[in-house]
Amino acid sequence: MGQTLFDKIWDAHVVSSKEGFPDILYIDTHFIHEVTSPQAFDGLRQRGLPVFRPKQTVATADHNVPTWDQHLPIKEELSRYQVDMLTKNCAEFGIELYGLGHQYQGIVHVIGPELGITRPGCTYVCGDSHTSTHGAFGAIAFGIGTSQVEQVLATQCLLQQRPKRMKIEVNGTLQKGVGAKDIILYIISKISAAGGTGYFVEYAGDTIRSLSMEGRMTICNMSIEMGARGGLIAPDETTIEYVKGRKFAPQGEEWDKAVDYWKTLYSDEDAQFDSELYFDAADIEPMITYGTNPGMGIGITQHVPETASFEAKEQGSYTKALNYMGLHEDQSLLGKPIDYVFIGSCTNSRIEDLRLVADFIKGKQKADNVTVWVVPGSKQVQQQAIAEGLDKIFEAAGFPLREPGCSACLGMNEDKIPAGKYCISTSNRNFEGRQGPDSRTFLASPLTAAAAAITGKVTDIREFLQQEELVG
Amino acid sequence: MATKIFKHLQSSIVPLPIENIDTDQIIPARFLKATTRDGFGNNLFRDWRFDKEGNPKEDFVLNHPNYSGKILVAGKNFGCGSSREHAAWAIADYGFDVVVSSFFADIFKGNALNNGLLPIQVSDDFLKKLFDAVYADAHAQVEVDLDNQFIKIVSTGEQETFEINPYKKACLINGYDDIDYILSNKQLVEEFEKR
């Protein structure tokens with residue numbers, strides 16, 4: 001019987017597999033950041049252990065960093081202390097750090113791929129659930145807790161039970177104005193925020209295949225939002241082209257050898273999955289969430305579901321979510337005024353996202369009632385945007401291009417959405433208080449967010465694009 | 001290093017019948033700035049538990065004088081979202097030894113087990129029985145036996161068995177640690193690297 005792509009990569013990394021025990025899985029690269037690593041380094045000190053493979057560990061500061069005036073010291077004392085602690089730990093244990101001010105600093109899931117550290121067939125972990133992003137390259141990548149960060153620092157391995165395998169195929173042609181973010185929000189809305197729990201997902205089908213690497217990263221990034229351990233996409237020419245020539249990509253003969261191997265990385269035709277799901281791309285509208293988990297999403301022309309459509313035991317949680325959001329059942333979100341627009345996060349802060357938004361807003365102005373934050377995923381994305389003149393387009397429209405970091409995705413740094421305010425956000429989570437205490441989040445694609453920034457309200461991007469076509 | 005040991009417990013329970021409780025609710029991101037593992041219990045369920053001025057919200061179960069105990073019982077898909085282990089630290093630091101739900105998010109479950117906090121997955125039916133029991137009598141006792149893998153409502157004798165990986169079970173009962181286990185296999189790791 002054939003093997004799935006996931007099993008091929010997993011098997012190639014099993015150090016030991018014993019009945020009754022989780023596998024010991026070898027980790028090729030361990031990404032760390034300032035929030036989930038300090039207690040792990042403390043643990044090493046208590047045990048008197050070094051970092052086992054410091055050269056396979058890569059660090060950056062992203063969660064706590066300000067996205068304006070980054071050259072100044074971080075204002076908030078605890079944030080500054082945590083970032084300083086990372087610097088100190090990396091120096092003590094011999095780990096490369098792309099810290100604040102470094103030309104490669106950025107969100108950990110943006111810098112790995114753009115530096116060519118993320119490659120097909122490898123294993124990656126990080127104390128961050130969106131590590132699933134790296135799966136876009138045909139890699140096994142997933143988030144871990146701090147005890148496991150300590151484990152990987154100490155041993156370069158992880159004790160892990162092999163998850164079940166799920167295949168999600170999307171086939172067909174997307175409507176204009178519908179992109180990778182809409183695909184993944186659509187899938188999660190269909191299978192729920194828990195529908196992937198216990199599984200590692202392989203995304204396949206011609207729609208997925210047609211996506212750029214940036215689009216594939218957006219899809220894999222949100223695998224965790226359906227509860228999946230991670231998600232991956234088989235590497236192809238698009239993947240190889242993306243990795244080629246990047247700073248840490250293999251060179252010369254090593255490159256040829258690597259590409260030969262990458263071409264063997266696909267699920268065999270007769271491979272068995274524990275679950276298979278199929279979706280038609282033509283069914284997908286621009287998506288928006290209305291509730292307080294990423295599974296609570298609808299097509300932009302649809303109405304918020306009726307309470308009675310849920311099972312009795314779910315209705316309490318559902319009503320709580322709608323109350324928090326200040327919405328009611330059967331409401332259309334179209335035309336709903338918004339206060340903030342956040343374009344950024346490890347889901348949608350890559351150069352392609354910024355190009356798409358810049359192209360759309362060129363010559364337009366943001367609405368007066370809206371504050372817009374455009375936050376590049378990394379120093380390199382920021383530099384590229386400036387080199388292409390995107391910063392000028394953003395500024396002219398009233399969207400200042402900020403500096404790289406996790407920003408308003410998680411209400412941990414200075415960029416917080418105020419209580420009661422509505423934010424249309426390209427990030428990945430709409431949990432209560434995620435963007436700041438009592439903030440209200442509508443998750444959407446960069447284009448839907450940009451359209452809302454221009455009109456000041458929830459808008460169907462397709463209408464905009466149609467009008468522009470008519471005007472020509 | 002030895003970790004916290006868990007074998008057996010009898011306690012009253014704290015009901016939280018909400019589904020999809022994510023780790024941002026368990027411990028909001030703005031409280032993740034500590035660099036040690038201590039003290040997170042003070043901010044457990046912070047924004048549900050306290051108002052903006054830091055006053056306890058009376059209607060939240062942790063502030064309700066009738067409910068207390070070492071077992072937290074919550075709706076399905078508990079611990080979804082962020083991988084922050086701080087969520088498990090906060091629950092354990094507050095004083096819970098067991099979390100019961102009809103479904104757990106994977107990363108949370110692993111984090112809990114690595115901190116001597118036992119996550120018990122029960123059926124929807126049994127979860128309902130637990131809620132019914134505690135709402136009938138706030139002091140209803142529940143017994144958890146890890147060795148025999150069952151959870152029991154003491155007053156009615158209703159019980160259900162639960163699953164746990166045998167290795168993780170041995171870790172909890174004996175206080176074993178994953179790092180010690182992998183280090184005992186260090187030779188295999190080094191051989192793997194030479195392949």
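The values are calculated or read from the model by the stated rules, or taken from the named source; none is laboratory data. Just so it is clear, the structure is predicted and the values come from calculations on it, not from any experiment. Ideal geometry is used to build each Cβ from the backbone, glycine not excepted, and the neighbour counts take in all protein chains shown.
Are any residues in the stretch A:35-92 aliphatic (A, V, I, L, M), within 13 Å of another protein chain (Cβ to nearest Cβ) and more than 23 Å from the chain's Cα centre (by Cα), and if so, which ones?
Matches in the stretch A:35-92: A:40, A:44, A:49, A:51, A:74, A:78, A:85.
What are the residues in the stretch A:1-15 that are within 14 Å of another protein chain (Cβ to nearest Cβ) and buried (at least 17 other Cβ atoms within 10 Å of the Cβ), if any?
A:10, A:13, A:15
Within the stretch B:149-174, count every residue that is among the small types (Gly, Ala, Ser) and within 14 Å of chain A (Cβ to nearest Cβ).
Qualifying residue count, the stretch B:149-174: 1.
Could you tell me which numbered condition residue B:106 fails, if it satisfies all but one of (1) away from every other protein chain (no Cβ under 12 Å); (2) surrounded by 23 or more Cβ atoms within 10 Å (Cβ to Cβ)?
(1)
Looking only at residues in the stretch A:392-417 that are within 12 Å of another protein chain (Cβ to nearest Cβ) and in a loop (DSSP other than H, G, I, E, B), which one is surrounded by the most Cβ atoms within 10 Å (Cβ to Cβ)?
In this case the residue turns out to be A:406.
Would you point out the residue of the stretch B:41-98, among those that are among the β-branched types (Val, Ile, Thr) and over 20 Å from residue B:24 (Cβ atoms), that is surrounded by the fewest Cβ atoms within 10 Å (Cβ to Cβ)?
B:98
Looking at (1) crowded, with 16+ Cβ neighbours inside 10 Å; (2) away from every other protein chain (no Cβ under 13 Å); (3) more than 14 Å from residue B:116 (Cα to Cα), find the lone condition where residue B:146 falls short.
Every condition holds for residue B:146 apart from (3).
Those residues that are within 11 Å of chain B (Cβ to nearest Cβ), among the hydrophobic types (A, V, I, L, M, F, W, C) and crowded, with 21+ Cβ neighbours inside 10 Å, I need them from the stretch A:16-34; list them, please.
A:24, A:25, A:27
Assess whether residue A:450 counts as being within 12 Å of chain B (Cβ to nearest Cβ) and at pLDDT 95 or above.
In short, no.
Which condition number in (1) in contact with a helix residue (DSSP H, G or I) (Cβ under 6 Å, 6 or more places away or on another chain); (2) on the phi > 0 side of the Ramachandran plot is the one that residue A:461 fails?
Result: residue A:461 fails condition (2) only.
Mind checking which pairs have a first residue in the stretch A:100-115 that is under 12 Å from residue A:130 (Cα atoms) and a second that is part of a helix (DSSP H, G or I) and of a type outside the set (Lys, Arg), Cβ under 6 Å, 6 or more apart or different chains?
Final answer for the pair search is A:109/A:130; A:109/A:133.
Can you name the residue in the stretch B:6-27 that is surrounded by fewer than 19 Cβ atoms within 10 Å (Cβ to Cβ) and outside any strand (DSSP E or B) and is also farthest from the other protein chains (Cβ to nearest Cβ) among such residues?
B:7
Does residue B:79 satisfy the criteria of being small (Gly, Ala, Ser), away from every other protein chain (no Cβ under 11 Å), at positive phi and within 18 Å of the chain's Cα centre (by Cα)?
Criteria not met by residue B:79.
Residue B:55: facing another protein chain (nearest Cβ under 9 Å) and not β-branched (Val, Ile, Thr), yes or no?
no
Residue by residue through the stretch A:276-296, note down the ones that are out of contact with any Asp or Glu (no Cβ under 9 Å at 6 or more places or on another chain) and within 14 Å of chain B (Cβ to nearest Cβ).
The answer is A:289, A:291, A:296.
When you check residue A:104 against the structure, is it touching a strand residue (DSSP E or B) at 6+ places or on another chain (Cβ under 6 Å), more than 14 Å from every other protein chain (Cβ to nearest Cβ) and either in a loop (DSSP other than H, G, I, E, B) or crowded, with 22+ Cβ neighbours inside 10 Å (or both), yes or no?
Answer is yes for this residue.
Hey, does the stretch B:64-76 have a residue that's in a loop (DSSP other than H, G, I, E, B), within 12 Å of chain A (Cβ to nearest Cβ) and in contact (Cβ under 8 Å) with a residue 12 or more places away in the chain?
yes
Residues that are farther than 17 Å from residue B:78 by Cβ and out of contact with any Lys or Arg (no Cβ under 8 Å at 6 or more places or on another chain): find the helices (runs of 4 or more DSSP H) completely inside the stretch B:103-193 holding 2 or more of those.
Correct list: B:124-136, B:166-174, B:178-183.
With the condition kept exactly as written, say whether any residue in the stretch B:28-40 is in a helix (DSSP H, G or I), within 11 Å of chain A (Cβ to nearest Cβ), without any contact (Cβ under 8 Å) to a residue 24 or more places away in the chain and crowded, with 18+ Cβ neighbours inside 10 Å.
The answer is yes; a qualifying residue exists.
Taking the stretch A:210-238 as the search range and keeping residues that are polar (S, T, N, Q) and buried (at least 23 other Cβ atoms within 10 Å of the Cβ), which one is farthest from the other protein chains (Cβ to nearest Cβ)?
That would be A:218.
From the list A:136, A:141, exactly one residue is under 23 Å from residue A:262 (Cα atoms), within 14 Å of another protein chain (Cβ to nearest Cβ), in contact (Cβ under 8 Å) with a residue 40 or more places away in the chain and surrounded by 24 or more Cβ atoms within 10 Å (Cβ to Cβ). Which is it?
Residue meeting the stated conditions: A:141.
What is the residue count in the stretch A:7-60 for residues that are under 28 Å from residue B:165 (Cα atoms) and of a type in the set (Lys, Arg)?
Number of matching residues: 3.
Is it fair to say residue A:58 is in a strand (DSSP E or B), in contact with a Ser or Thr (Cβ under 9 Å, 6 or more places away or on another chain) and within 30 Å of residue A:405 (Cα to Cα)?
yes
Any idea which of A:6, A:41, A:21 is part of a loop (DSSP other than H, G, I, E, B) and more than 23 Å from residue A:380 (Cβ to Cβ)?
Just one listed residue meets the conditions, A:21.
For residue A:120, only one of the following conditions fails: (1) within 25 Å of residue A:92 (Cα to Cα); (2) assigned to a loop (DSSP other than H, G, I, E, B). What is its number?
(1)
Any residue at all in the stretch A:40-51 that is more than 21 Å from residue B:38 (Cβ to Cβ) and either crowded, with 19+ Cβ neighbours inside 10 Å or in contact (Cβ under 8 Å) with a residue 60 or more places away in the chain (or both)?
Checked against the condition, which is being more than 21 Å from residue B:38 (Cβ to Cβ) and either crowded, with 19+ Cβ neighbours inside 10 Å or in contact (Cβ under 8 Å) with a residue 60 or more places away in the chain (or both), the stretch A:40-51 yields at least one hit.
Of the residues in the stretch B:134-157, how many are free of Cβ contacts under 8 Å to residues at least 24 places away in the same chain and of a type outside the set (S, T, N, Q)?
Here the count works out to 5.
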